[in-house]
Structure formats: C-alpha cells, structure tokens
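Below is one structure, written out as structure tokens, with a few remarks after it.
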Amino acid sequence: MSCVIGASCSEPPPAPSCSDHKSCAECSSSSWGCHWCASDEACHAVGSLHGCAAGADCYAIHRCQRLEPEPMEGTGGTFSKESFEGVGIVSKSVLGVLMGLILCCSTLCFAGVTLLKAAVDDLVGEPDDIAKEWHEQFGRVDKNAVEEVVGEELEIPLLTNGSLEELDAEQGRGKSRSGLVPDDEASHSRRRVPIPTLRSSPQRDSNLQRMYCGCQLCYLFTIITTIILFVVGMSYAPREPQYNVCTNELAWKSIVEGMASLKMSASFDLLISVYNPNRFEVDLSNGHGQFHHDDQYVGSFDIPEGRITEKAISDIVVKVTFTPDKWAALSLTSEYYQGNLKFVLNGHAHVTIPALGNYQFDAKFDDIHVNVNDPSLDDTHLCACPGWKKPIRI
C-alpha cells in the first residue's frame, strides 16, 4: 500500500565545508577533498587558491609529540578508590601478609595482657564474698587502719555468759578462771580473731588499671596505624605503565615496501605515549634493544634519555633501524601483508627513581613478542593525536 501524495521532507543540513574544520586531525579525516595547510594553520579545499599545493601531515611526530608531560585528570588522592586499582597481585599479597602479621601479633599481645590482668585481679584483688562475711560477723572496720595491720590479729572483747554480778559472786566463792586478771578487764574475756588480710589497696588497683588502659590505647593505635599504612602502601605500590604506539602506520608500510624492493636497510622514528600511573617519576637512560624474527637478528632500537613523570602522559621517540638480509626481508614482507608479522624484542634500560633516594637499577626485558598487525595497537587514547588510525571518510 502506498499514498497518493507524499509527505514533504525537511532539507538535509548542509555539509560542512573544509573551512569549518578547526583542527588538523579533523580536517584530514573529514574528506579527501580537504587538507590542512601549515602556512596559515587552517583547513582548505584541495586546489583552492587560498590554500596550499600540498597538505601537511597531521600525524607527523613534530605535530603529535608532547613537549611537556600531560597530567592525567581524575587520578584521585592517596585515600581514594583509585589507590586500590591497577596494583599487581604480588604487591597486594605482600601488603596483605604484612598487615595480617602485624594485626595477629598485636592481638596476641593484647590477649596476653588481658589474661595477665585477670590473673593478677584474682590473686591480689579483694573478693567480695570474704569482705561481706567479715562485715556481717565483726561489723565495719576502718579499712585504712586494718591495712596497716596486715597479718596481725585483733583482740575482740566478748561478754561472758551471765551478768557481772554473777561473775563477781562466782569469784567470791573462790572459783578462779584462767586468763582473767583482777582489774577493770576482768569482766571481759578477750578472744583473738584473725583479720582477713586485705590484699589490695586502692593505689595498687589504680596503677594496674592505668597500665591496662595504656595497653588498650596501644592496641587501638596499632590497628589504626596498620590500616593507614596498608592504604598508603596500596597507593604507592608499583603499577604497570600503559603505552600507545602513536606513529603513523605509513611508516611500517614504507619500510615493508622498501624491503620488498630489496632495500636492506630502513630507519624510522616510533612515537610512543607512556602513562605512568605510579606516584613517583622515573628517569630512563642507556636504553637499547634488538628485533629478532625467526631467531634471526633483523634490527635494533634506541630509547633516548628522558623522564617519565608520575601520574602523567609522556611522549618518547624510539629510533628503529631494520637491517635484515634479503631472505629475511622477503619473509617480513610476506608476513606483513598476510597480517601475522611478529617480532621478538630483547633489550635493557637504566632506571633511576629520584623519590627513593636516586635508587638505580637495570631493567631488562627478554622475549617480548610483538605482533605488528595486532588490533590492540590501534588503541591510541593516550596519544596527543588519537585519531590517526581512523579511516578517512570519502
């Protein structure tokens, strides 16, 4: 089914002209009819009288290389979530084991102190049942006075059975009692009653409680400090740097085409953008390496001296030289066009970390397999010119 009269459609928006593109990358990727002129740093139509005869290479190294490191935004602080991201399993294991050992040792020590305090309280403290029984039988006694007589006996006067008159009458009948003296105390008998020893004093209890409170504070301080050090350790733990190869793919093609024409030597510059996610900068020097293909030497590369700034993207230019023999050149050419050209890299570089007291070591890398046709190499999000591998729209 169709309609008799078609609906009117709005006119399509006008296509942007070459002059509407304000960047070199946007201009070069917009259309084959536009190119970027370096003379006025503007986009012109090819063949325009106001333009230039030949357009500039928007992805040349001198245009895409950062002269200064570019800080990475959104990296977070020491106690942010990013502190736990990107840390290797080895660093996590080491920090976790150290944290566990410290917490276990501190917990065992605090448990030992707690058990020791409980034992001292049982041996030195005043049991409530003994004190209660004493007060019920002999009345309240001045505690401070009794503490001065530790281990002694208190004489408690007791009235004998009967009244004083009966006792005097009994004495008059000539009945004498042993242990009585004929004075004012004759009417009383004295009984020696052992005083329960008060084995602790308020001062001693106070000192013991202070010591235990000090142990509690030390234990709490140890736990908090351990957690803080663990977070700081995770934040400063070494992380693997990220990199993108930012050199125009035409460099590879020119090399392969040169080797196909039996040109046995080729050199080019490889622009690499490196992001250092660590919190300390790294100085590189004396970097050298070799390319091998099928266990044969086919080329070398040199890493210039430079500084990889912390939490920033730094660009380095690696000089690559290929010198294969004619048979190796033919093999490289064939594998490149088949999409499975692979190299094995071996090299070393001298690394200095100023933040660690200029700690120095030689970093070696062996048997690094690189696939020139690997799609992952198309990732250029770290490059200053991230769009150079995008296809040109016609």
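A search for C-beta distances below 6 Å between a residue of the range 314-335 that is in the same structural domain as GLY289 (by TED's automatic domain parsing) and any residue that is among the hydroxyl-bearing types (Ser, Thr, Tyr) and assigned to a strand (DSSP E or B), counting only pairs 6+ apart in sequence or on different chains, returns ASP315/SER273; THR321/SER267; THR321/SER300.
Report, by residue number, each residue of the range 80-117 that is surrounded by 12 or more Cβ atoms within 10 Å (Cβ to Cβ) and more than 30 Å from PRO241 (Cβ to Cβ). The answer is ILE102, LEU103, SER106, THR107, CYS109, PHE110, VAL113, THR114, LEU116, LYS117. Every listed requirement among (1) touching a residue at least 40 places away in the same chain (Cβ under 8 Å); (2) outside any loop (DSSP other than H, G, I, E, B) is met by CYS383 save one, (2). Would it be correct to say that ASP362 is in contact with a His (Cβ under 9 Å, 6 or more places away or on another chain), at pLDDT 90 or above and either closer than 30 Å to GLU73 by Cβ or not hydroxyl-bearing (Ser, Thr, Tyr) (or both)? Answer is no for this residue. If you check PHE365 against the conditions, is it more than 23 Å from PRO71 (Cα to Cα), surrounded by 13 or more Cβ atoms within 10 Å (Cβ to Cβ) and either under 30 Å from the mean Cα position of the chain (by Cα) or in the same structural domain as ASP269 (by TED's automatic domain parsing) (or both)? Criteria not met by PHE365.
Quick grid of which residues meet (1) modelled with pLDDT under 75; (2) over 24 Å from ASP366 (Cα atoms):
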{"position": "TRP252", "(1), (2)": "yes, no"}
{"position": "LYS263", "(1), (2)": "yes, yes"}
{"position": "ALA266", "(1), (2)": "yes, no"}
{"position": "TYR275", "(1), (2)": "no, no"}
{"position": "ASN286", "(1), (2)": "no, no"}
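Please state which of the following conditions GLU26 fails to meet, knowing it meets all the rest: (1) surrounded by 10 or more Cβ atoms within 10 Å (Cβ to Cβ); (2) at pLDDT 85 or above; (3) of a type in the set (D, E, K, R). Answer for GLU26: the failing condition is (2).
The values are calculated or read from the model by the stated rules, or taken from the named source; none is laboratory data. All values derive from a computational prediction rather than experimental measurement. Virtual Cβ from ideal backbone geometry, glycine too; neighbours counted across all protein chains shown.
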